[in-house]
2 protein chains.
Amino acid sequence: MPTPDITARSERNSDRTRRAILEAAFQEIYRNGFQGMRLDDVVAATGLTKGALYHHFPNKQALGYAVVDEIIRDIIQQAWLEPLASDPNPLAVIIHFIGHMETLMGGDIVTLGCPMNNLAQEMSPLDEGFRTRLDLLYQEWRGSIQAALERSQQAGVIRADVDCSKTATFVLAALSGCVGAAKNAQSSEQLQICGSGLIDYLESLRPA
Amino acid sequence: MPTPDITARSERNSDRTRRAILEAAFQEIYRNGFQGMRLDDVVAATGLTKGALYHHFPNKQALGYAVVDEIIRDIIQQAWLEPLASDPNPLAVIIHFIGHMETLMGGDIVTLGCPMNNLAQEMSPLDEGFRTRLDLLYQEWRGSIQAALERSQQAGVIRADVDCSKTATFVLAALSGCVGAAKNAQSSEQLQICGSGLIDYLESLRPA
DNA sequence: TGGAAAACATACTGGATGGTATGTACAATA
DNA sequence: TATTGTACATACCATCCAGTATGTTTTCCA
């Protein structure tokens, strides 16, 4: 007979510790970049020690990779892929998201930017492991936008001559650019202006 | 009578040394970020020593500020402000620039991205001195694009109902986003696709 | 032409930081 | 219950790196 569920609570302690380290590392990376993240700060934020960190991760790089694979992936999944996949009017979802970004994401989006784009901009030229992981995530993200645009196109909400693949690529890049511009200016007004420019573009895709 | 020009050729030229340090620092920042830049690497690249560096700059931060004020400013000036100010058809200049970015800038634009945007993304949330300097540069850049759009608008090349201020903000942000996307993917094809999406948008501003 | 100041070079320091070596409590088997 | 492996804690090291102290050479100028 297998051990009862009571003992299973202790195994989850390990998972919880690992998760706590990952989330603290994510916050530190979000605020200071990967190179700026200090492992001492991560363990201090969790209340743990270096022994715990190095028990779960072999080194700083592996911790960074795990943050991409487990934390950042979840964020994109929940904020974009799931809402876009389930909604019957995807174009409206995209436009709504852009228009209400600061409300939907935290206010950190203005002061700190997009955590995924920050990390990609910093590490892509320096570390191929980061680059491939983040590029894969971007491909999924772009693919979900493309699929959303195509569904809206089939519903007649978007003109038939629009190249949804190219448009998805551009929209995602422009969105990253808007968030980056707002971060440089440290201004949510800048995010509004820039976002409304992107919305104007999306509206121009509608049939005449 | 002042000393003849012959002596000006002498080995020690303060301005040239300072400039050499600035350019080496720019390259290091471009490749590794400001936090990733090592002063030892900068002096090694110039063939000088730390004594020279600390004679011309009080500390690392001041060196970084000077790179923004003197090197990056010049790059934006030469690549954007001057071409846009002198040309009779500014919209065509913008479109041409976007379409031939990799040729006009170096190939580093794909592998390393935009030096100004890189630095802004890294340092704006961390250091107010960097942020204000870079924000000022962005304002000038955006202003020149806005002026260009307005001139094209007065020439009838752009529709009268277009908000040139908002459009300039969006175009600059989208452009940064495109370069960033290409850098993440390490793909000049990505830059082409993304850039053509931006060009499509600019073309849509023309009268029907 | 001498002397002061500028323009460098050389050698060093101290703190920060990623990583390691080792010890210990505890749960899971056997 | 003895044993073993897991999940941490503690203390420490080695290196990197911004910054400094000081010496030397060149330039400027009175």
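The values are calculated or read from the model by the stated rules, or taken from the named source; none is laboratory data. Only a predicted model underlies this, so the values are computations on that prediction, with no experimental measurement involved. Cβ sites come from the backbone with ideal geometry, for glycine too, and all protein chains shown count toward neighbours. Calculation scope for accessible area: heavy atoms of the full protein, side chains included, ligands and nucleic acids excluded. Shrake-Rupley method; radii C 1.70, N 1.55, O 1.52, S 1.80 Å.
Summary of computed values
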quantity	calculated
Label spacing, shortest first and in nm, from B:Glu128 to its equivalents in the remaining copies (7 angstrom along Cα→Cβ)	4.4
Note, ³J(HN,Hα) from phi for segment A:33-41, Karplus 6.51, -1.76, 1.60, rounded to Hz, x at Gly and Pro	x, 5, 5, x, 5, 10, 4, 4, 5
Spin-label model distance (nm) - B:Asn89 vs A:His55, 7 Å beyond Cα toward Cβ	7.0
Of all chain A residues, the one whose C-beta is nearest the axis that brings A onto B, in angstrom	A:Gly177, 1
Electrostatic dipole magnitude of the protein assembly as shown [Cβ: Lys, Arg +1; Asp, Glu -1; Cα centre; debye, to 20]	540
Per-pair calculated FRET efficiency, R0 = 25 Å: A:Leu126 and B:Ala44 via Cβ, rounded to 0.05	0.85
Over chain A, relative contact order from alpha-carbon pairs under 8 Å, at least 6 apart, %	21
Two-site FRET efficiency, B:Gln77 against A:Glu70, from Cβ-Cβ distance with R₀ of 56 Å, rounded to 0.05	0.80
A:His96 accessible area, 1.4 Å probe, all protein chains in place, Å² to nearest 10	90
Average accessible area per residue (Å²) across chain B - probe 1.4 Å, nucleic acids and ligands excluded	46
Spatial separation of Cα centroids for segment A:148-164 and segment B:125-141, in angstrom	39
7 Å along Cα→Cβ, label-point gaps from A:Ser187 to other copies, nm, shortest first	3.4
For the protein assembly as shown, calculated [θ]222 nm from helices alone, where every DSSP H run of n ≥ 4 adds -39500 (n - 2.57)	-21500 deg cm²/dmol
Disulfide-incompatible cysteines by the Cβ rule (no partner under 4.7 Å) in chain A	A:Cys114, A:Cys164
Of B:Leu205, B:Pro58, B:Phe34, farthest towards positive along the dipole that unit charges on Lys, Arg, Asp, Glu beta carbons give chain B	B:Pro58
Chain A - percent of accessible surface contributed by carbon and sulfur, probe 1.4 Å	51
Gyration tensor (Cα) of chain B, equivalent ellipsoid semi-axes in angstrom	36, 20, 15
Within chain B, longest stretch free of exposed trypsin sites (Lys or Arg not before Pro) [DSSP loop, at most 13 other beta carbons within 10 Å]	B:39-158
Chain-alone versus full-assembly comparison, segment B:159-179, residues with accessible loss of at least 40 Å² (1.4 Å probe)	B:Lys166, B:Thr169, B:Phe170, B:Ala173
Heavy atoms of B:Met123: accessible area, 1.4 Å probe, square angstrom to 10	10
Computed label-point distance, nm, for sites A:Ala62 and B:Met105 using a 7 Å Cα→Cβ extension	3.7
Copies compared at A:Tyr65 - label distances in nm, ascending, label defined 7 Å from Cα in the Cβ direction	4.1
Distance (nanometres) between label positions extended 7 Å along Cα→Cβ at B:Gln139 and B:Glu189	4.2
Residue-level accessible surface for B:Ser204, protein heavy atoms, 1.4 Å, Å²	50
Chains A and B, summed buried accessible surface - 1.4 Å probe, Å², nearest 100	3000
